[in-house]
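Below is one structure, written out as structure tokens; comments come after it.
The values are calculated or read from the model by the stated rules, or taken from the named source; none is laboratory data. The structure displayed is predicted, hence computed values, not measured ones. Using ideal geometry, Cβ is built from the backbone for each residue, glycine included, and neighbour counts are taken over all protein chains shown.
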Ligand SMILES: NC(=O)c1ccc[n+]([C@@H]2O[C@H](COP(=O)([O-])OP(=O)(O)OC[C@H]3O[C@@H](n4cnc5c(N)ncnc54)[C@H](OP(=O)(O)O)[C@@H]3O)[C@@H](O)[C@H]2O)c1
């Protein structure tokens, strides 16, 4: 697949590298076509990896992955535009974190909406699937790193898009994929960051995830 990865940070780099390793063609997008972090990623990753603007990354993509800072996400998607986004599947990994008052951050949207819903509302034809925002960049693409099975969540309005994203997650190694329902369920996975950050501070590592345990029978 041709996949556009929006973002040059830890997440964009980890997702992009894994996708290239799995045989996909990946264009990493940034505000500038010659972003040095994207250039370093292309040089390190090799075949299948390229860079461009956010618009370049989205234009020829079969699927788009949003790995941009949450506060910038709507601006980034605005720079791409509705015509280019069309009805493409967009995996939204961003979190609506507000660090303006220091640590721990708060959420700049929550409770009755979510960043994923704001994206879906702004681009009603695009098929938004919230996923992977509840784990750190390394675990996103190497869930086996934790040594036992654990959960990843998907939220979205389009069943076909969630199935396609689940196939991609399975190729990353995810075995426990929980379909929470429509895009409003992203309120829960985004707000989970409030707990994730406290766990990270308490445990002193980002190498963890939650595992669901249900009563049998
Ligand atoms: N780090 C993690 O382990 C982790 C885990 C789960 C979820 N997330 C979420 O994943 C997303 C990416 O996280 P990250 O740590 O990889 O990177 P990040 O530093 O949060 O975001 C980097 C990207 O955001 C873009 N950006 C920043 N400010 C911008 C602005 N004013 N206008 C347009 N674009 C702007 C940058 O564009 P340029 O390339 O042009 O500089 C860059 O591509 C975030 O929403 C984060 O909350 C992160």
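Remarks
- Odd one out for residue 147 among (1) under 23 Å from residue 208 (Cα atoms); (2) crowded, with 19+ Cβ neighbours inside 10 Å; (3) without any contact (Cβ under 8 Å) to a residue 60 or more places away in the chain: (2)
- Some residue of the stretch 161-171 being within 17 Å of residue 90 (Cα to Cα), within 15 Å of the ligand (Cβ to nearest atom) and buried (at least 18 other Cβ atoms within 10 Å of the Cβ): yes
- Of the residues examined, residue 205 is not one that is more than 16 Å from the chain's Cα centre (by Cα), surrounded by 14 or more Cβ atoms within 10 Å (Cβ to Cβ) and either free of Cβ contacts under 8 Å to residues at least 24 places away in the same chain or not in a helix (DSSP H, G or I) (or both).
- Residue selection: residue 154 satisfies the criterion of being in a strand (DSSP E or B), at negative phi and either in contact with a helix residue (DSSP H, G or I) (Cβ under 9 Å, 6 or more places away or on another chain) or within 16 Å of the ligand (Cβ to nearest atom) (or both).
- For beta carbons closer than 9 Å, sequence separation of 6+ or different chains, a first residue in the stretch 53-64 that is more than 20 Å from residue 168 (Cβ to Cβ) and a second that is modelled with pLDDT under 95 and outside any helix (DSSP H, G or I), there are no qualifying pairs.
- Within the set 73, 53, 84, the sole residue that is under 12 Å from the mean Cα position of the chain (by Cα) and over 17 Å from residue 155 (Cα atoms) turns out to be 73.
- Within the stretch 11-25, residues that are in contact (Cβ under 8 Å) with a residue 60 or more places away in the chain and farther than 15 Å from residue 51 by Cα have Cβ atoms under 7 Å from residues that are away from the ligand (no atom under 11 Å from the Cβ) and part of a strand (DSSP E or B) in no pair, counting only partners at least 6 apart in sequence or on another chain.
- Every residue from the stretch 40-51 that is surrounded by 13 or more Cβ atoms within 10 Å (Cβ to Cβ) and either more than 15 Å from the ligand (Cβ to nearest atom) or under 17 Å from residue 4 (Cβ atoms) (or both): 41, 42, 45, 48, 49, 50, 51
- Taken over the stretch 81-131, residues that are outside any loop (DSSP other than H, G, I, E, B), buried (at least 17 other Cβ atoms within 10 Å of the Cβ) and without any contact (Cβ under 8 Å) to a residue 60 or more places away in the chain amount to 9.
- Complete set of residues in the stretch 71-107 that are within 11 Å of the ligand (Cβ to nearest atom) and more than 25 Å from residue 32 (Cα to Cα): 105, 107
- Qualifying residue in the stretch 21-31 (condition: touching a strand residue (DSSP E or B) at 6+ places or on another chain (Cβ under 9 Å), more than 9 Å from the ligand (Cβ to nearest atom) and under 26 Å from residue 206 (Cβ atoms)): yes
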